[in-house]
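Report on the structure given below.
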Amino acid sequence: MTEGPDIARVAALVADPARSMMLIALMDGRALTATELAGAGGITRQTASTHLAKLVDGGILSLEAQGRHRYFRLAGSHVAGLLEAMMVFSAGAAPDLRGRPGLRTGPRDPALRKARICYDHLAGEMGVALFERMQAGQWLTEDLSVSDHGKGKLAEIGLSLDALPPSNRPLCRACLDWSQRRQHLAGRLGKAVLERVLAQNWARRMPDSRVISFTPEGERRFEIWLD
């Protein structure tokens, strides 16, 4: 027997087209019912229930019961990171062997390309800009710890690291962006920054979508904060 992680089992769980569509529907961090996920996968509820049971047993999804209702969500940020990486890989951005240009990366929708939620943090052009400005401005150290200057910049939007709830998740993690092919900020800080952006009404989550829609004034304030 081959030693090491069984990547074939995990790959098989997410490889089915209907299952992959249901998983992508959960990439915005919501919990959805089997009926809602069946619609996302283009399959019957009975078939969706079979797929969902496999995903729960495989540790890809978690199941939450609330009264008579059962909700499914991604088992954690590690699953979202896996799916984002698979979307990057499957988009085929590199030129082919005949030298033709690569495919356009990421979603076609300009709103999704500009700003979207990736599980619980900001992705797209705005998310990449946030992470790159944090690095260029030395808010973050090379090992992705928050510098004293970074703590001061975070305090400008009412964010204190000491106030973040305890968690086993890393504070800062780089996540390869599906559309931009550059890094955006994930981890507990990525989540906290997005929550502050929404709380200050700089942007809002669009219903039934991964789009994070910035207002003109919100985008201006976001840029001023980063600069």
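The values are calculated or read from the model by the stated rules, or taken from the named source; none is laboratory data. All of these numbers come straight from a predicted model, not from anything done at the bench. Glycine gets a Cβ as well: all are built from the backbone with ideal geometry, and neighbour counts include every protein chain shown. Side chains included, ligands, DNA and RNA excluded: accessible areas come from the protein's heavy atoms. Shrake-Rupley method; radii C 1.70, N 1.55, O 1.52, S 1.80 Å.
Assorted remarks:
- Debye-formula intensities of the chain, expressed as log10 I(q)/I(0) at q = 0.10, 0.12, 0.13 Å⁻¹, are -0.52, -0.73, -0.85 (one equal scatterer per alpha-carbon, no solvent).
- Among 185, 144, 211 - extreme Cα towards positive end, dipole of segment 140-223, charges at beta-carbon: 211
- Sorted largest first, the principal axis extents computed over the alpha-carbon atoms of segment 110-193 equal 35, 26, 23 Å.
- Under the convention that each Lys and Arg Cβ holds +1 and each Asp and Glu Cβ holds -1, the size of the dipole of segment 116-227 around its Cα centre is about 300 debye.
- Accessible area per residue, Å², the chain with all protein chains present, probe 1.4 Å: 56 Å²
- Potential lengthening of the chain between residue 35 and residue 85 amounts to 15.3 nm, from the contour at 0.36 nm per residue minus the alpha-carbon distance.
- Residues 114, 153 ordered from highest to lowest accessible area at a 1.4 Å probe: 114, 153.
- Exposure of residue 159 as accessible area (Å², to 10), given a probe of 1.4 Å and all protein chains: 20 Å²
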